[in-house]
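The values are calculated or read from the model by the stated rules, or taken from the named source; none is laboratory data. Everything numeric here is computed off the predicted structure, so don't read it as measured data. Glycine also receives a Cβ, built like all others from the backbone with ideal geometry; neighbour counts cover every protein chain displayed. Surface accessibility is based on the protein's heavy atoms, side chains included, excluding ligands, DNA and RNA. Shrake-Rupley method; radii C 1.70, N 1.55, O 1.52, S 1.80 Å.
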Amino acid sequence: MEKVKPNKTTKVDHRTKIIAGYVEHVLEHGKQPASVFKFAKALNMNEEEFYNYFTSFEAIKSAVWSKLFEDTINNLESQEVFKEYSAREKLLGFLFTLVEELKKNRSYLLSLYGEKKNMKSLLPTEVKVFRSKFKDFANEIILEGKETEEIASRPVISDRYDEALWLQVWFVFQFWLKDTSTAFEKTDAAIEKSVNLAFDLMGKSAFDTFIDFAKFLYQNK
């Protein structure tokens, strides 16, 4: 007699379930749940079980931002041509790909950030993990750019390049939130113009050339 194999129970990914439930709640109500107790109950969980995965709603929002970054990077690195990009092209690729990921979550992001007035001066706590991950990525780009002389090394200023590139990402996000143009064409234009400006400023300028020449003359007088 043939043995009947027992049905395997599908393991529930509670972390993913919580994130998806939180995003869905924000989309349906335009705000976060009133309490962890009520939210956990709606997911058929108890509050104690919720805290095994997240300590607060802020932690869930941070996880959403982390996923945005990871999905963007995974998408980029899956493209063979990405490895051959210049530093400038890598930043352009990141921003264009990020916007594609943002589009998938536009209603959620608008619900949380669309009406905020203080984001230019105050970075939301939940975005800080995304910022840290991006700055690690930016420093890799900057290092490559210096090696190829696409980016100039300057005393003191060079140490702030990663922060300058981060401010550019945050500018693009805020611009995109307000963009009502067809297919977000204005955001695409803002990305190209801002990245070109950033790399023109970080690149070797006429002033740098003058300093190099002056050093040469001094050393060979």
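Of the labelled figures (1) 33, 20, 14; (2) 38, 22, 11; (3) 43, 21, 17, only one reflects semi-axes √(5λ) of the Cα gyration tensor in Å as derived from the coordinates, namely (3).
Considering helices alone, the calculated mean residue ellipticity of the chain at 222 nm is -21000 deg cm²/dmol, with DSSP H runs of length four and up weighted by -39500 (n - 2.57) and normalised per residue. What's the longest bit of the chain with no exposed GluC sites (Glu not before Pro), using DSSP loop states and at most 15 other Cβ atoms within 10 Å as the test? Longest run free of exposed loop sites: 3-114. Summarising the amide proton neighbourhood of ARG154: residues at separation of 5 or more, or on other chains, whose placed amide H is nearer than 5 Å comprise an empty set. Assuming charge only on the beta carbon of Lys and Arg (+1) and of Asp and Glu (-1), the dipole of the chain about its Cα centre is about 680 debye to the nearest 20. Along the range 78-95 the Karplus relation, 6.51 cos²θ - 1.76 cosθ + 1.60 evaluated at θ = phi - 60°, assigns HN-Hα couplings of 6, 8, 4, 5, 4, 5, 8, 5, 6, 4, 4, 5, 5, 5, 4, x, 4, 5 Hz to successive residues, with x for each Gly and Pro. Of the accessible area of the range 60-207, computed with a 1.4 Å probe over protein heavy atoms only, carbon and sulfur atoms account for 53 percent.
How much length, in nm to one decimal, is gained on full extension between LYS186 and GLU48, taken as 0.36 nm per residue of separation minus their Cα-Cα distance?
My answer for the length gained is 45.1 nm.
Annotation: amide H of MET45 has no partner in the under-5 Å range at sequence separation 5 or more or interchain, hydrogens built in the peptide plane.
Considering only ILE157, ILE60, ILE142, the mean-square fluctuation computed in a Gaussian network model of the chain, springs between alpha carbons under 10 angstrom, is largest for ILE157.
Under unit Cβ charges (Lys, Arg +1; Asp, Glu -1), what dipole magnitude, rounded to 20 debye, does the range 56-115 have relative to its Cα centre?
About 140 debye.
Restricting to DSSP loop positions (anything but H, G, I, E, B) with no more than 12 other Cβ atoms inside 10 Å of their own Cβ, which trypsin sites (Lys or Arg not before Pro) remain in the range 76-135? For trypsin sites (Lys or Arg not before Pro) across the range 76-135 that sit outside H, G, I, E and B with at most 12 neighbouring Cβ atoms in 10 Å, the list reads LYS104, LYS116, LYS117, LYS120. The relative contact order of the chain, computed from alpha carbon pairs under 8 Å that lie at least 6 residues apart in sequence, is 20 percent.
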